[in-house]
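Below is one structure; the comments refer to it alone.
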Amino acid sequence: MDKLKNIFIRLGQLDRRLIFFLIALSVLVPLLKPGWVNIPIKTTSNSEIVFEQLNNLNKGDKVLVSFAYGASTKPEIHPMSIAVLQHLFSKGIKVYTVPLWPEGLMMAKYALEEVIASNLFDIREHADYVSLPYKAGGEIIIRGIATDIRSIFTQDVNNILLKDIPMMDGVHKVTDFDFIFDLSAGVPGNAEWVQFACDEHNVPLSSGCTSIMVTDAIPYVESGQIRGILAGMPGAAEYEQMVFKYLNDLSDSEILNENTPIVPGKATSRMSAQSIAHLLMVIFIILGNISYYLTQRRND
Amino acid sequence: MMNKYIKYIFIPSFILLFYFFFPLQIFLIGNETTFICIILLCFVVEYFIDKAKSGEKIYMRPIAAIKAMEEAVGRATEMGTPVLYVPGISSLDQIDTIAGLTILGHVAGMTAEYEANLHVPVCVPIVMETAKETCKEAYLKKGRPDLYRDDMVHYVTDDQFAYAAGVNGIMLREKPAAIFFQGKFYAESLLLAETGNSIGAIQIAGTGSSSQIPFFVTACDYTLIGEEFYAASAYLSGSPEMLGSIKGQDYVKVGCIILIITVFTCSLLNGYGYISFDILSLFRINVIR
Amino acid sequence: MKRQIAYFLVIFIGFLVLLGHFINYPPLNNFIDNDATQWFDIISGFAAFLGVMNLLQLHLNKVANKRSNWRFSIITLSGFIVMIIFGFIYNGSNVVMGPHLKEEGSAFYWMFQNIYLPLGATMFALLAFFVASASYRAFKIRNFEATLLLISGIFLMIGRVPIGQLIPWWMALEIYVCLLFAIIASRFKEKKTMLYSMIGTMLFMPFLILFLNLSDLGVFKIPEFQEWIMAVPATAGSRAIMIGIALGTIAQSYRIITGRERSILGD
């Protein structure tokens, strides 16, 4: 019995390096061998609300997609940006991208390139989407978009004047958009969109953000100021699954290219790794507590 | 007494009446709630500052993190290792950075007094300049300008995670005995705090980023949570004016609590049909139905 | 005198910006919304120059005087110089300098795509390891608050991932029983009594829940319980902290613009 107790006490005092090694294994193995761990993903209410909001939009509606994330959070947010863009393009919605972070410009470029390269849709720049350039200022840019977008942006990312782009006709302020979707990893992010643009002008807003940011955004979600939220990689995986099912169920769509395979996104395949890693962390916590309890009893 | 009535009742009432009933359109529409809140808060804070200046003793509950700051600097002095001060990763447009720099002024004063080394790696160049001035003046004020070195405060990089990597490297090489995280932090907070924990340093954190507070609470010895962080500089100075402002802030918070209870009770009564007035109509709420 | 000018500027600009938010005077509103931020950006831009100079000075000094760890400074300086060359001197693509930064064939783009992006993602990924070691060390049933942290942490970690959906209701019930006994363990004088009580409860409770037909309750489904934790207590706590921070921000700003908070200016 004492031997068992000693084992548990030692299990609660593991070297950090061993913990790091085990966590690394728990993430690597499911990624390298996805067939070994295949856990079905069930959608949550917040992700379903986001899907429903975007699904209720009509062909020709204008959606502003804000890219406010960078290289470090790309693995978490990029899959949801691809899924959102696929969903929007599949409905024939006009997409306007605006980067609020310097790296957001590249993230928007990568996302659009990936969607175009998938060959699911025949989308053309200035007919189906417009990419606005990056401007420094954060919340000031959001406020400018809210009141007069032309005072902030005169050209698109390829230096073509906005007045020469037919898709920009009638787009002067935030109320000219039917929906705003914010992909953010920090500041400026969804809170700034609520405070400076969407809540004031009553434009519907939804957001996808990192898991860490969800606690900051949840009060806005609960009050309805943000309509649903995609929370980190689990949210991205859930949305990918919904879009995957939606695209597969689309029949006689004039927008979707036939014979192009529809593949689920990257977040779906990464969820197994995250599941195992989380389970391992919980096991560590339990072992730590058992060790703590036994150590306390021994000291008493 | 009459002066106080004029100053704290008549003047704010006059300002509010002027704002709402002035015939000419000199005020922007849509900011009424903000204006009322700002006026009320400013005058309440001003009232308590006045009371404090006139000699009234103000009780401040002890905040462990603030009391530990001097201990931490003392520990670093005894161990002969530097004090590492991380003022966050945002620029001066964030109030958290300014609050962090005001605390830096006090900590720099302590390091001057104790003759401990101070190391302040910064993420934003403009913060570097301000931090340099703050430290220089703090050392001068303590009568130890000889101990101030220009390379005490230096720029690392603008990038969030590159900065975290740089600061982690500093921690692992220099092994400071005391680490202060005071400012605006994002995802790199846990990277910094865990590294500091691994070297056995005493860590005191304070931030206004509510999502990072749990990470600091988990990994640091002391954490200033929420408004404690903003009150810290006032607490450290100890001047009656500053302490009075904290008391005023607390009374405004009591007002907020009363307002929340009122709105809750009214909406509950309205929901059950006891009153017809829907208090929620006063607020703009976009609820998905 | 220098300090008096600084105080005056702080107070004047502070009140000007505050008034600009309420007064309907287009030149003032335009100044606050556009010019003031551009001034800040210009000053920050020049300060960026100072930062670069400081960086170079520090590391060149280290290399020149061979101070401790001077070899790391060579790596820093090399990285700095390489990016300067690729950003301002060497193009590598067909477009002109400037737009070449986002052009796929340019050297700068290659560095961004193949070095900066993976490094940034790697640093963020380190969080996974640190979260594991931090939670292993800190999530202990020490007191009430630590226990709450532990319970919510475990449920959120399990509930947020697909594996949480595989946990059946009776397993969730057993988890709750174990947690309850973990919290009250110290109250048992006899270990055997605690053990038998725990086993008895674990055997009896599932039948009771089945008998009362409560197995469909959300509390026994970990993902739903996790959603409730996020929607109710986490939101409440987040709102409370947000209100406190907002009040603290206003009070601090008031102290600064009325010239009472002077330690930032060195007083």
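Listed values, structure above:
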item: DSSP bridge orientation in the protein assembly as shown - percent antiparallel, rounded to nearest 5; result: 5
item: Cα-based helix-to-principal-axis angle, B:189-198 vs chain B, degrees rounded to 10; result: 40
item: Dipole axis of chain C (+1 Lys, Arg; -1 Asp, Glu on Cβ), positive-most option in C:127, C:36, C:197; result: C:197
item: Listed residues B:268, B:251, B:235: farthest to the positive end of the dipole of region B:193-283 (Cβ charges); result: B:268
item: Distance between region C:1-53 and region B:85-110 - C-alpha centres, whole angstrom; result: 19
item: Mean Cα-pair separation over length for region A:167-289, i.e. relative contact order, pairs under 8 Å, 6 or more apart, %; result: 18
item: Accessible area in square angstrom per residue, the protein assembly as shown, 1.4 angstrom probe; result: 48
item: Net charge of neighbours whose Cβ lies under 15 Å from the Cβ of residue B:78, counting Lys and Arg as +1 and Asp and Glu as -1; result: -2
item: Set of aspartates and glutamates with alpha-carbon distance to residue B:175 below 14 Å, sequence-local pairs under 8 removed; result: B:78, B:194
item: Average beta-carbon neighbours from other chains, 10 Å sphere, peptide A:72-79; result: 5
item: Gap separating the Cα centres of region C:100-158 and region B:142-183, nearest whole Å; result: 23
item: Interface burial for C against A (accessible surface, 1.4 Å probe, total of both chains, Å², rounded to 100); result: 4700
item: Global form of region C:1-115, assessed from the alpha-carbon gyration tensor, a/c cut-off 1.5; result: oblate
item: Label-reachable residues, region B:80-96, where backbone N falls under 12 Å from a point 7 Å from residue B:158's Cα toward its Cβ; result: B:91
item: With Cα atoms, 0 to 90° folded angle of helix A:45-55 axis to chain A main axis; result: 20
item: DSSP bridge pairs, chain A: antiparallel proportion in percent, nearest 5; result: 10
item: Estimated 222 nm signal from helices in chain A, with DSSP H stretches of n ≥ 4 weighted -39500 (n - 2.57), rounded to 500; result: -15500 deg cm²/dmol
item: Contact surface A-B: accessible area buried, both sides summed, square angstrom, 1.4 angstrom probe; result: 1300
item: Tensor-based shape of the protein assembly as shown (alpha-carbon gyration tensor, a/c under 1.5 rounded, otherwise prolate or oblate); result: rounded
item: Total accessible surface hidden between C and B, rounded to 100 Å², 1.4 Å probe; result: 5300
item: Residue C:224 - accessible surface, heavy atoms, 1.4 Å probe, Å² rounded to 10; result: 90
item: Kirkwood hydrodynamic radius (C-alpha pairs) into Stokes-Einstein, region B:196-243, 25 °C and 0.890 mPa s, D in µm²/s; result: 211
item: Separation of the residue C:210 and residue B:57 label points, Cα + 7 Å toward Cβ, nm; result: 6.7
item: Accessible-area composition of the protein assembly as shown, carbon plus sulfur, in percent [1.4 Å probe]; result: 63
item: Value of relative contact order over region A:2-149, rounded to a whole percent, pairs C-alpha under 8 Å and six or more apart; result: 20
item: Cβ-based charge dipole, chain C, positive-most Cα from C:26, C:241, C:76; result: C:76
item: Sequence of A:295, B:33, C:147 from largest to smallest accessible area, 1.4 Å probe; result: B:33, A:295, C:147
item: Dipole moment magnitude, nearest 20 debye, the protein assembly as shown about Cα centre, only Lys, Arg, Asp, Glu C-beta charged; result: 2860
item: A:280, C:127, ranked by accessible area, largest first (probe 1.4 Å); result: A:280, C:127
item: Area accessible to solvent at residue B:114, 1.4 Å probe radius, in Å²; result: 80
item: Extension gain from residue C:77 to residue C:11, taking 0.36 nm per residue of separation minus the Cα-Cα distance; result: 19.7 nm
item: Heavy-atom SASA rank of B:269, A:100 (probe 1.4 Å, accessible area, largest first); result: B:269, A:100
item: Exposure of residue B:256 as accessible area (Å², to 10), given a probe of 1.4 Å and all protein chains; result: 40
item: For region A:1-159: rounded, prolate or oblate by the Cα gyration tensor [a/c cutoff 1.5]; result: prolate
item: Distance (nanometres) between label positions extended 7 Å along Cα→Cβ at residue A:151 and residue B:6; result: 4.1
item: Amide H contacts under 5 Å for residue B:118, placed H, 5+ residues apart; result: B:83
item: Reduction of at least 40 Å² in accessible surface, 1.4 Å probe, comparing all protein chains with the chain by itself, residues of region C:128-148; result: C:129, C:130, C:132, C:133, C:136, C:137, C:140
item: Region B:171-289: relative contact order as a whole-number percent, Cα under 8 Å and 6+ apart; result: 16
item: Whole-Å distance, taken between Cα centres, linking region A:53-78 and region A:220-260; result: 11
item: Partner chain coverage, peptide A:221-229 - average Cβ within 10 angstrom; result: 4
item: Rounded to 10°, Cα long-axis angle of helix A:74-90 versus longest principal axis of chain A; result: 40
item: Filter on A:42/A:266; A:3/C:191; B:67/B:132; B:57/B:247; A:5/C:140; A:245/A:266 - keep pairs with C-alpha separation over 22 Å; result: B:67/B:132
item: Under the span-like rule (Cα at least 20 Å along the axis, Kyte-Doolittle mean at least 0.0), DSSP H helices of chain C; result: C:2-20, C:36-64, C:70-84, C:117-138, C:144-159, C:169-184, C:191-211, C:235-257
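The values are calculated or read from the model by the stated rules, or taken from the named source; none is laboratory data. None of the values given here were measured: they were computed from a predicted structure. Cβ: placed from backbone, ideal geometry, glycine included. Neighbour counts: every protein chain shown. For accessibility, only protein heavy atoms count, side chains too; no ligands or nucleic acids. Shrake-Rupley method; radii C 1.70, N 1.55, O 1.52, S 1.80 Å.
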